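Right, one structure below, let's go through it.
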Amino acid sequence: MTGIASRPVDVDVHPHVRGGPATLARYMPKALGRLVASEVVAEGDDPFRDPHHVIVDHLDRLALAAAVLIPLQPLNAFSDPLVAFETGRAVNEYLLDQWIPADGRFHLAAVVAPHDPAEAAKDIRRYQKHAAVAAIQMPLANILMGSSYYHPIYRAAVDCGLPIIVHPTGTEGAYHGAPVLAGGVAASYLERRIGLTQLAEANATSLIVSGVFERFRELKVVFAEFGFAWIIPLLWRMDMDWTRLRRGTPWVRRAPREYFTDHIRLTLEPGADVPPTQLPKVMEMSHADRTLMFGSDYPHSARLDSESMLDNVPPAFRERVAYATAASTFRGLRVQEPLATAPALGR
Ligand SMILES: [Zn+2]
């Protein structure tokens, strides 16, 4: 990768749990842990469950300055709040115990269950004591993000200087408790995957029009792995309708585009949804210099994808997309060694 002065930051890396739920059971209250451990079958192992493999295979290979770990346990599909909260706490504790000490570049997006926002807020205030916690990951309930339901979570996140990350957990549009997609229940994974941008569009609109960013002026929200090209028609439409109809929502004082670029961040993955030849124009129209960050979705993206993703970013946007926007969005990213002194990429 050329054309930037800084090492990249990858804000979308997924840590797998070696041993699966049986391992997490050791981080749970004893009674619940015994229950979870007795009900699971042994999982196979793969190299991505080993932080030392991920360090060599991804962090070193791409000469990353930092990586934000986003655990993907589908807490929003659990019907039992106790199990959802304890599973979230167990995976956070496991990662703080097993992954974070393995490399100073690892940071954690600590996950909280959406079932009880007051309880989630308590967890956020507890996690903020760990210097490696750079963000809070919040799987969505089937409630739009502009709702006051989430206010205790936003209050705690702002007080702790932590952005909120929303990332699909694989349950959206398919499981009870997770958000629905527009129009009804999709029949296949392909159909759901194509429709995922609806969630980011609906929730970005809800956050802006409900006045969340007027109430929580320091709040940053990251929609990770929802792509980014969709914001172009959304911003056109929001600005157009706000101009004509804003009398009904006087708390939306500024044009929606301004709230979006000040408060909402997106990631490159899935990077192939914009053809490389169209990227310069699309990035300009989507305010990529302010809104977009590098997020590879490792290890779920192909290795080649992660490298070419950044190489395809037009030079004028690379420094912002690869490093600067992430550094100003996440808490305490422990960076930075100039790229000039970093080892060359292994290719
Ligand atoms: Zn991802």
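The values are calculated or read from the model by the stated rules, or taken from the named source; none is laboratory data. Being a predicted model, the structure only gives us computed values, none of them experimental. In this analysis, Cβ positions are derived from the backbone assuming ideal geometry, glycine residues included, and neighbour counts consider all displayed protein chains.
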Search the stretch 70-89 for residues that are surrounded by fewer than 23 Cβ atoms within 10 Å (Cβ to Cβ) and pair each with any residue that is among the aromatic types (Phe, Trp, Tyr) when their beta-carbon atoms are under 7 Å apart and the residues are at least 6 apart or on different chains.
-> Ala77/Tyr175
Working only within the stretch 179-235, note down all residues that are away from the ligand (no atom under 16 Å from the Cβ), among the charged types (D, E, K, R) and under 21 Å from the mean Cα position of the chain (by Cα).
-> Glu201, Arg217, Glu218, Lys220
Just checking, which of Ala113, Ala141 is closer than 30 Å to Gln198 by Cα and touching a His at 6+ places or on another chain (Cβ under 9 Å)?
-> Ala141
Could you list, in sequence order, the residues of the stretch 184-197 that are under 22 Å from Ser147 (Cα atoms) and touching a Pro at 6+ places or on another chain (Cβ under 9 Å)?
-> Leu196
Of the criteria (1) surrounded by fewer than 21 Cβ atoms within 10 Å (Cβ to Cβ); (2) modelled with pLDDT of 95 or more, which one Ala109 fails = (1)
Report, by residue number, each residue of the stretch 181-230 that is surrounded by fewer than 18 Cβ atoms within 10 Å (Cβ to Cβ), over 19 Å from Asp297 (Cα atoms) and at pLDDT below 95.
-> Ala182, Gly183, Gly184, Val185, Ala187, Ser188, Glu191
Within the stretch 236-279, which residues are within 16 Å of the ligand (Cβ to nearest atom) and under 11 Å from Thr291 (Cα atoms)?
-> Arg265, Leu266, Thr267, Leu268
Residues of the stretch 280-312 being more than 16 Å from the ligand (Cβ to nearest atom) and modelled with pLDDT of 90 or more, in sequence order, are Pro280, Lys281, Val282, Met283, Glu284, Met285, Ser286, His287, Ala288, Asp289, Arg290, Thr291
Starting from the stretch 170-185, keep only residues that are β-branched (Val, Ile, Thr), then list their pairs with residues that are outside any loop (DSSP other than H, G, I, E, B) whose Cβ atoms are within a distance under 8 Å, requiring at least 6 positions of separation or different chains.
-> Thr171/Asn76; Thr171/Ala77
Can you name the residue in the stretch 90-102 that is touching a residue at least 60 places away in the same chain (Cβ under 8 Å) and not hydroxyl-bearing (Ser, Thr, Tyr) and is also surrounded by the fewest Cβ atoms within 10 Å (Cβ to Cβ) among such residues?
-> Asp97
Subset of the stretch 157-202 (residues that are part of a helix (DSSP H, G or I), under 22 Å from Ala118 (Cβ atoms) and in contact with a helix residue (DSSP H, G or I) (Cβ under 9 Å, 6 or more places away or on another chain)) | Ala157, Asp159, Cys160
Return yes when Tyr154 is surrounded by fewer than 15 Cβ atoms within 10 Å (Cβ to Cβ) and farther than 30 Å from Asp103 by Cβ and no when it is not.
-> no
Find all pairs meeting these conditions: Cβ atoms under 6 angstrom apart; at least six residues apart or on different chains; first residue within the stretch 221-235 and closer than 21 Å to Tyr154 by Cβ; second residue part of a helix (DSSP H, G or I).
-> Phe223/Ala200; Phe226/Thr197; Phe226/Ala200
